[in-house]
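Colleague: Mind looking over this structure? Questions follow.
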Amino acid sequence: MLTLVGPEAEVVLREVAGDSLTVLGQPYGTHQLVGFKGAPLVVAVGCGLHYPGYTLIVDEAQAGELFGLLASKGCVLMGEEEWEVARLLSGRPAVGRELGEEVNPLEAGLHHAVSLDKGCYIGQETLSKLTNLNGVKQQLVSLTLSGPVEPGCDIESDEGVRLGRVTSVATTPDGQHVALGFMKCKSKGQQVEVAV
């Protein structure tokens, strides 16, 4: 699986897949099966980040060749560290860090991924109550830090009151320290204000 992100993603995809590609400009999640070097290639709209992009699913035997072709088209290649920085900058939660059994989708900022109007599903009533009663107790926030920290460290107010915990950290190429973490929505009965 490869991800193609950025404003030129559609131009590159058209060069790779040709005019038979019909998913360009379609809604998130739309996908199409096309061919690449005699193997199936699935092109799906969306990259999981808050940037324009596409997810490309191809057999492992052709993945290296597709990767090379994308590089030859001028794509800037990203490794795991670069992806982690992009994930944190876009506020995307990850399984095992921000997502798990103890976190609900509303706390993780995934409001767009659940429907409160759709028929019954496991957890629908709970999510509906949390929304209607403004009962979400914590929220995922993006943080810019003054220095490096470790996941699991506390987020504190200026007065030293524990407001939450850091879940993921990274350093941008320009040396900025960024993180994701969960913060309480209220502290001492008052709404927690988050500086933007």
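Colleague: Assign one of three labels to the range 93-191, namely rounded, prolate or oblate, based on the Cα gyration tensor with a ≥ b ≥ c the square roots of its eigenvalues; rounded applies when a/c is under 1.5, prolate when it is not and a/b is larger than b/c, and oblate otherwise.
Modeller: oblate
Colleague: Going by a ≥ b ≥ c, the root eigenvalues of the Cα gyration tensor, does the chain fall in the rounded group (a/c under 1.5), the prolate group (a/b larger than b/c) or the oblate group?
Modeller: oblate
Colleague: Which ordering of 1, 78 is given by a fewest-first count of other beta-carbon atoms within 10 Å?
Modeller: Starting with the residue having the fewest Cβ neighbours, the order is 1, 78.
Colleague: Amide H to amide H under 5 Å from residue 8: which residues, 5+ apart in sequence or cross-chain, H placed 1.01 Å off N in plane?
Modeller: It is none; the list stays empty.
Colleague: Counting other Cβ atoms within 10 Å, keep those with at most 13, restrict to DSSP loop, and tell me which GluC sites (Glu not before Pro) in the range 97-196 are left.
Modeller: 101, 102, 159, 193
Colleague: Within the chain, what is the longest stretch that has no chymotrypsin sites (Phe, Trp or Tyr not before Pro) placed in a DSSP loop and near at most 14 other beta-carbon atoms within 10 Å?
Modeller: 29-120
Colleague: In whole Hz, what ³J(HN,Hα) sequence does the range 106-114 give by Karplus (6.51, -1.76, 1.60; θ = phi - 60°), x for Gly and Pro?
Modeller: Result, ordered by residue: 5, 5, 7, x, 9, 4, 5, 9, 10 Hz.
Colleague: Step through the residues of the range 121-138 one at a time and calculate ³J(HN,Hα) from phi using the Karplus curve (6.51 cos²θ - 1.76 cosθ + 1.60, θ = phi - 60°), rounding each to whole Hz and writing x for Gly and Pro.
Modeller: Per residue, the Karplus-derived 3J(HN,Hα) values read 8, 4, x, 4, 5, 4, 5, 4, 4, 4, 5, 5, 9, 6, x, 5, 8, 9 Hz.
Colleague: Still on this model: Over the range 2-77, what per residue volume does the convex hull of the Cα atoms give, in whole Å³?
Modeller: Considering the Cα atoms of the range 2-77, their hull volume per residue is 85 Å³.
Colleague: Helix-only estimate, please: 222 nm mean residue ellipticity of the chain, summing -39500 (n - 2.57) across DSSP H runs of length 4 or more and dividing by its residues, to the nearest 500.
Modeller: That comes out to -6500 deg cm²/dmol.
Since every read-out is calculated from the coordinates, none of them should be taken as a lab result. Worth saying up front: this structure is predicted, and the values here are computed from it rather than measured. When we count neighbours, we look across all protein chains shown, and the Cβ atoms used for this are built from the backbone with ideal geometry, even at glycine.
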